[in-house]
Amino acid sequence: MKPTKRPARPNFSSGPCAKRPGWSVGGLEGAAVGRSHRAKVGKQKLAAVISRSRELLGLPGDYLLGIVPASDTGAVEMVLWSMLGARGVDVLAWESFGSGWVTDVTKQLKVADTRSLVADYGELPDLQQVDFGRDVVFTWNGTTSGVRVPNGAWIPDDREGLTICDATSAVFAMDLPWQKLDAVTWSWQKVMGGEGGHGMLALSPRAVERLESYTPPWPLPKIFRMTKGGKLIDGILRGATINTPSMLCVEDALDGLAWVDEIGGRKVMQERSEANLATITRWVERTDWVDFLAVRPETRSCTSICLQIVDSWFAALSEDEGAAAAKRLVALLEEEGVAYDIASYRAAPSGLRVWGGGTVENADLEALLPWLDWAFEVTRRAG
Ligand SMILES: Cc1ncc(COP(=O)(O)O)c(C=O)c1O
């Protein structure tokens, strides 16, 4: 039977993600548009994004935080290009974005002493194999497989190398052990439901020490350069951005941060996301045709919730037929206006990916689930 109740907001994309509940363009009226980002007003707003993020995330006092170009990718790449090569590197990957960082390290930077620790979709590499005498590059939450590291217990406090963590779909949704992470990146359009284009980069004192004591052998484009004459350009970490940010996006980031504060802070954001995962978990447990892509329950992401179709009809299809059937299912939901952008990532096994970050209302997820059952049934019957 076709359900009757529709999600009030069908936005379940894994980035850009749903705006915060109650968001409207009107909330951006105070934006410093048409003004220089180097004017007092612009600088104040950029500095406010940094200071409010710091407070809400509970960043250690001696960590630095900055706004950098080119979204999360820009933030990760400026770290890889600026810091790697000083010692051996262990780079971990278990889905598409992590694989991208493996490519950067091995094929672009060509760091000779690199070990790639790679696992298939649904799994994690063996974290016990990681050598923290080396620099370690990893993704906290694999957005395209819905597999996250369960915690930071595998990272020693007294490591010699640096830990470089792409945490873009984890920050504001998962507990991050900041003291175990030396360079952490994220963007505004993920858990905060902000706008794309800008990256956030947090640096530990040891990461800053690396920047100031090491010069990589390869050229650094201007947008990656964080030091001048062997000293950190610390203005970058106070809101003096390397190049021009969008003041409209900055205003939207401030709007998102104010909302998080209003609802009770990071902890409430994390609880909202975990509650969304719990809702989907209950449904998966009572539903035969679907399962998590993440094999181990403690690695299941509460943000990018990736699901595979395990029904015997579907399993008998070829890879192409399966991909086409999943595409039809997703298209049906979009036509009904009940779920947008929930196809699995293009390089991931075909299935569904539903965003469960804190800007998604639990009631909307509850309303979505009967539609998933309905769309699966319609797709299966159509063969
Ligand atoms: C884990 C991860 N890393 C990197 C990216 C790329 O982010 P951006 O588009 O912000 O550069 C994404 C985007 O979804 C991601 O999920």
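The figures follow:
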{"item": "Linear extension gain, residue 153 paired with residue 215, 0.36 nm per residue minus alpha-carbon span", "result": "19.2 nm"}
{"item": "Exposed GluC sites (Glu not before Pro) absent: longest stretch of the chain, with sites in DSSP loops and at most 12 other Cβ within 10 Å deemed exposed", "result": "161-383"}
{"item": "Antiparallel bridge percentage (DSSP; both residues within segment 1-153; nearest 5)", "result": "20 percent"}
{"item": "DSSP H segments from the chain that extend 30 Å or more along their own axis, Cα-based, with Kyte-Doolittle mean of -0.5 or above", "result": "362-382"}
{"item": "Antiparallel content of DSSP bridges confined to the chain, in %, to 5", "result": "60 percent"}
{"item": "Separation between Cα centres of segment 273-293 and segment 136-166, rounded to whole Å", "result": "25 Å"}
{"item": "Taking the convex hull of Cα positions in segment 32-97, its mean projected area over all directions (nm²)", "result": "7.1 nm²"}
{"item": "Relative packing of peptides 353-359, 226-232 - highest average C-beta neighbours within 10 Å first", "result": "353-359, 226-232"}
{"item": "Sites residue 328 and residue 274, calculated FRET efficiency, Cβ-Cβ separation with R0 41 Å, nearest 0.05", "result": "0.85"}
{"item": "C-alpha center-to-center spacing [segment 46-115, segment 255-272] in angstrom", "result": "25 Å"}
{"item": "Computed over segment 222-268, the ratio Rg/Rh where both radii use C-alpha atoms and Rh is Kirkwood", "result": "1.16"}
{"item": "Principal axis dimensions, largest first and in whole angstrom, of segment 210-301 by Cα", "result": "61, 36, 21"}
{"item": "For segment 101-255, radius of gyration divided by Kirkwood radius, i.e. Rg to Rh on alpha-carbons", "result": "0.95"}
{"item": "Rg followed by Dmax, in Å, when the chain is reduced to its Cα trace", "result": "21.2, 68"}
{"item": "FRET efficiency for residue 319 and residue 86, using Cβ-Cβ distance with R0 set to 41 Å, rounded to 0.05", "result": "0.45"}
{"item": "The chain, relative contact order [Cα under 8 Å, separation at least 6], %", "result": "26 percent"}
{"item": "Percent antiparallel among DSSP beta bridges (both partners in segment 107-213, rounded to 5)", "result": "50 percent"}
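Rule-based calculations on the coordinates, nothing more; no lab input. A quick note: this is a predicted structure, and the numbers were derived from the prediction, not measured. Every residue, glycine as well, gets a Cβ built from its backbone with ideal geometry; the counts of neighbours run over all protein chains shown.
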